[in-house]
Amino acid sequence: MATKKPVTNDVVDISLSAIRKKRIRIDGDDNRIIELNTSDLNILSRLKEAYPKLVSFTQEAVNKWPDTNIADRDDIYDSPELNDVINILQDIDKKMRDLIDYIFDSKVADICAPFGSIYDPVNGEFRFEHIINTLSNLYETDLSSEMQKMSTRINKHTSKYTGK
C-alpha cells in the first residue's frame with residue numbers, strides 16, 4: 001500500500017521551462033526527435049575540441065578502407081583481414097557518433113544518421129559535416145536572437161546614461 005506524502009504550503013514553485021531544450025523533428029519523422037539547447041554558448045568550445053578528432057577519425061576510416069582487389073578474392077567473406085577492417089570501421093563510427101553527441105550535448109548522432117556510417121560521403125561532404133552544419137544553423141539563429149534580446153533589455157536600462 002502506497003503512503004501519501006504530506007502536502008506543505010511552504011514550498012515555492014518556479015518554472016524554468018524557458019531554459020529547457022528545444023525539440024527538433026528530423027525529416028518530418030515523429031520517431032526522430034532530438035532535443036537541443038540552441039542557446040548553449042559552450043557548443044563552440046566543444047566543437048573546437050571535437051571537430052579535429054572527427055576529421056582525424058575520418059582520415060583513419062578512409063585509410064582503413066580495403067583496396068579494390070580484396071573484392072576479387074575468393075575467400076573475401078572468410079578473410080580475417082576483412083573482419084579486422086570491419087571491426088575497425090565500426091569502432092571509428094561509434095567514436096565519431098559519441099563525439100557528435102558530445103558537441104551537441106545531446107543524443108543526436110543515431111537519430112540524425114540512423115543508417116550507414118557517420119563518415120559516409122553525402123553531396124560532397126561527410127555525413128557528420130552535413131549534420132553539424134545543419135544543426136549549427138539552429139544555434140546561430142537562436143544566439144543572434146538571444147543577443148538582440150539582451151541588447152534591447154540592456155539598452156532600456158542604460159540609454160539614459162549613454163544617450164539615445
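The values are calculated or read from the model by the stated rules, or taken from the named source; none is laboratory data. Because the structure is a prediction, the values reported are computed rather than measured. Ideal geometry is used to build each Cβ from the backbone, glycine not excepted, and the neighbour counts take in all protein chains shown.
Name every residue in the stretch 94-142 that is touching a Phe, Trp or Tyr at 6+ places or on another chain (Cβ under 8 Å), of a type in the set (Ser, Thr, Tyr) and either under 20 Å from LEU44 (Cβ atoms) or part of a helix (DSSP H, G or I) (or both), in order of residue number.
none
Do any residues in the stretch 35-59 that are free of Cβ contacts under 8 Å to residues at least 60 places away in the same chain have Cβ atoms under 9 Å from those of residues that are in a helix (DSSP H, G or I) and of a type in the set (D, E, K, R), where the two are at least six apart or on different chains, and which pairs are they?
Here the result reads LYS53/LYS95, each pair linking the stretch 35-59 to a residue that is in a helix (DSSP H, G or I) and of a type in the set (D, E, K, R).
Got a number for residues in the stretch 130-155 being buried (at least 19 other Cβ atoms within 10 Å of the Cβ) and modelled with pLDDT of 90 or more? Break it down into steps so the answer makes sense when it comes.
Keep residues of the stretch 130-155 that are buried (at least 19 other Cβ atoms within 10 Å of the Cβ), which gives 131-132, 135, 139.
After this cut, where a residue has to be modelled with pLDDT of 90 or more as well, the list is 131-132, 135.
Adding up the residues that qualify gives 3.
Just name the residue that is modelled with the highest pLDDT out of those in the stretch 1-28 that are of a type in the set (Lys, Arg) and either surrounded by 10 or more Cβ atoms within 10 Å (Cβ to Cβ) or within 24 Å of LEU135 (Cα to Cα) (or both).
Filtering the stretch 1-28 down to residues of a type in the set (Lys, Arg) leaves 4-5, 20-23, 25.
Narrowing the set further to residues that are either surrounded by 10 or more Cβ atoms within 10 Å (Cβ to Cβ) or within 24 Å of LEU135 (Cα to Cα) (or both) leaves 20-23, 25.
Numbers: ARG20: 81, LYS21: 89, LYS22: 90, ARG23: 93, ARG25: 96.
Filtering the stretch 1-28 for residues that are of a type in the set (Lys, Arg) and either surrounded by 10 or more Cβ atoms within 10 Å (Cβ to Cβ) or within 24 Å of LEU135 (Cα to Cα) (or both), the one modelled with the highest pLDDT comes out as ARG25.
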